[in-house]
Amino acid sequence: MKLCDEAAGIAAIKHSRRRVVTAGMDRMTFDEPVHVGELLTFAAAVNAVWRTSMEVGVRVTAEQPQTGRRRHTSTAYLTMVALDEDGRPAQVPPLAVTTADERRREREAQTRRRNRLAEREEILRARADDDG
Ligand SMILES: CC(C)(COP(=O)(O)OP(=O)(O)OC[C@H]1O[C@@H](n2cnc3c(N)ncnc32)[C@H](O)[C@@H]1OP(=O)(O)O)[C@@H](O)C(=O)NCCC(=O)NCCS
């Protein structure tokens with residue numbers, strides 16, 4: 001998870017050309033185990049950008065060095081926020097979405113954000129009802 005966070009941070013810095021912080025890790029799957037001695041590769045891409053935040057997807061691949069067999073073992077989605085020189089959230093440049101894969105990733109990132117915000121709203125409403 002730490003390495004996913006680092007890979008996501010580098011992708012977000014490269015897109016925004018700013019320092020970034022992790023606002024949240026929305027999801028991480030562990031689809032298959034990683035065995036001792038396997039080589040891990042982290043591929044990170046900015047899937048979508050909003051005002052100051054970006055969703056970065058990280059795909060983890062494990063390779064058995066003796067055989068070269070590669071397996072997709074994990075996927076993580078993180079929200080990174082760009083910061084200005086004073087440490088305040090800073091606007092990020094738009095994302096160029098051109099290929100079919102990029103369009104799919106952008107669409108799915110929008111779905112995750114919508115769901116995240118809807119969940120937050122529902123929880124806050126229920127808490128307010130409890131208090132009221
Ligand atoms: C992330 C952080 C900068 C947001 O600050 P804030 O005062 O809430 O700022 P804003 O309300 O303007 O939100 C800025 C952006 O962060 C997003 N954001 C804030 N909290 C979030 C969360 N929990 N999950 C996802 N996105 C979040 C907002 O949606 C907003 O995105 P947008 O501008 O693209 O719409 C602040 O919460 C922070 O510094 N958190 C600690 C980060 C940290 O220490 N990370 C671990 C080490 S890197």
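Side notes on the structure shown:
- Stretch gain in nm, segment MET28-ILE123, where the contour uses 0.36 nm per residue and the Cα spacing is subtracted: 32.0 nm
- Of the peptides 122-132, 1-11, the order by per-residue mean of other Cβ atoms within 10 Å, starting with the highest, comes out as 1-11, 122-132.
- Protection proxy ranking, peptides 80-90, 110-120, average beta carbon neighbours within 10 Å, highest first: 80-90, 110-120
- Gap separating the Cα centres of region 88-127 and region 1-17, nearest whole Å: 17 Å
- Here's the picture: a label point sits 7 Å out from the Cα of LYS14 along the beta-carbon direction, and within region 33-69 the residues with their amide nitrogen under 18 Å of it are 40-49, 54-61.
- Trypsin sites (Lys or Arg not before Pro) restricted to region 46-76 and DSSP loop, no more than 14 other C-beta within 10 Å: ARG51, ARG69
- Both radii come from the Cα set of region 72-132: Rg as radius of gyration, Rh as Kirkwood radius; their ratio Rg/Rh reads 1.11.
- Value at 222 nm in deg cm²/dmol, rounded to 500, when DSSP H runs of n ≥ 4 in the chain each add -39,500 (n - 2.57): -12500 deg cm²/dmol
- Reference-scaled alpha-carbon Rg (2.2 N^0.38 Å with N residues) for the chain: 1.22
- Arranged from fewest to most other beta-carbon atoms within 10 Å of their beta carbon, HIS72, HIS35 become HIS35, HIS72.
- Computed over neighbours whose Cβ is under 11 Å from that of VAL97, the net charge equals +1, Lys and Arg +1, Asp and Glu -1.
- Neighbour net charge for GLY87 - beta-carbon separation under 13 angstrom, K R +1, D E -1: 0
- For the chain, relative contact order (Cα pairs under 8 Å, six or more residues apart, normalised by length) works out to 26 percent.
- Descending semi-axes in Å of region 1-60, equivalent ellipsoid built from Cα gyration tensor: 24, 12, 9
- Overall, region 3-132 carries a charge dipole of about 480 debye about its Cα centre when +1 sits on the Cβ of Lys and Arg and -1 on the Cβ of Asp and Glu, all other atoms neutral.
Where a number appears in this text, it was derived from the coordinates with a stated rule and is not lab data. Quick caveat, the model's predicted, so the values are computed rather than measured. Here the Cβ is made from the backbone with ideal geometry for all residues, glycine too, and neighbour counts use every protein chain on show.
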